[in-house]
Amino acid sequence: GAAYPGMAKSLYEKVSVFKTAFDECADACATYLETGRKGLDELALSGNDTLSDSQELSQPALFCLQVALAKTMVMLPDKKPVAVAGHSRGEIAAMCVAGGLLVRDAAKLVCGRGAAMASLSSGVGAMAAVRADGRKVTELIGKVEDVTIAADNSGLGCTLSGPIAAVDAALSQC
């Protein structure tokens, strides 16, 4: 994934605005994590390689990194953004930076997302990208139980989710 050990370490140690923003997000996320703040710090700040595959930690760690980077950018002279945007987890970070979502609420969303993604990677469920319009895919998979369109990204693609066998069955119809 996009998370890698020590990904925030250098900025955290050298840029006070980044550190403050990262700490605010990490403290808010800690409330919803089994490891508390310790796991986030081990992944993002100290470089513990055993944690980078953990969706429960990598999703909130990346969120903290995104928010801290954006808040650092705002402080740069002559580089004031007029808008923020994101995709997937980045949308949550963008809403937080734009003031449309409180950090504690964003932390709850992103940690819940990480937990949901972790359950998918535990062999219980699956997600699959399909290069087709969501409406057409909905018609094709209509008789397959327990599969849903998790995301309709555009007229050119969507994402299926559900139990592994059900997603496999749905893919065979597409």
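The values are calculated or read from the model by the stated rules, or taken from the named source; none is laboratory data. Remember, it's a predicted structure, so these values are computed and weren't measured experimentally. Neighbour counts run over all protein chains shown; Cβ positions are idealised from the backbone, glycine included. Only protein heavy atoms, including side chains, enter the accessible area calculation; ligands, DNA and RNA are left aside. Shrake-Rupley method; radii C 1.70, N 1.55, O 1.52, S 1.80 Å.
The helices (runs of 4 or more DSSP H) falling completely within the stretch 64-174 that include 2 or more residues that are charged (D, E, K, R) and open to solvent by 70 Å² or more (accessible area, probe 1.4 Å) map to 103-120, 134-140. The residue list Thr35, Thr20 contains one member that is assigned to a loop (DSSP other than H, G, I, E, B) and either under 17 Å from the mean Cα position of the chain (by Cα) or over 20 Å from Gly100 (Cβ atoms) (or both), which is Thr35.
When residues in the stretch 1-50 are screened for being within 18 Å of Ala93 (Cα to Cα), at pLDDT below 90 and surrounded by fewer than 16 Cβ atoms within 10 Å (Cβ to Cβ), 2 of them pass. Taking the criterion of being free of Cβ contacts under 8 Å to residues at least 40 places away in the same chain and acidic (Asp, Glu), the residues of the stretch 20-50 that qualify are Asp23, Asp27, Glu34, Asp41, Glu42. One residue alone among Ala107, Ala118, Ala126, Ala68 is over 22 Å from Asp23 (Cβ atoms), touching a residue at least 60 places away in the same chain (Cβ under 8 Å) and small (Gly, Ala, Ser), and that residue is Ala118.
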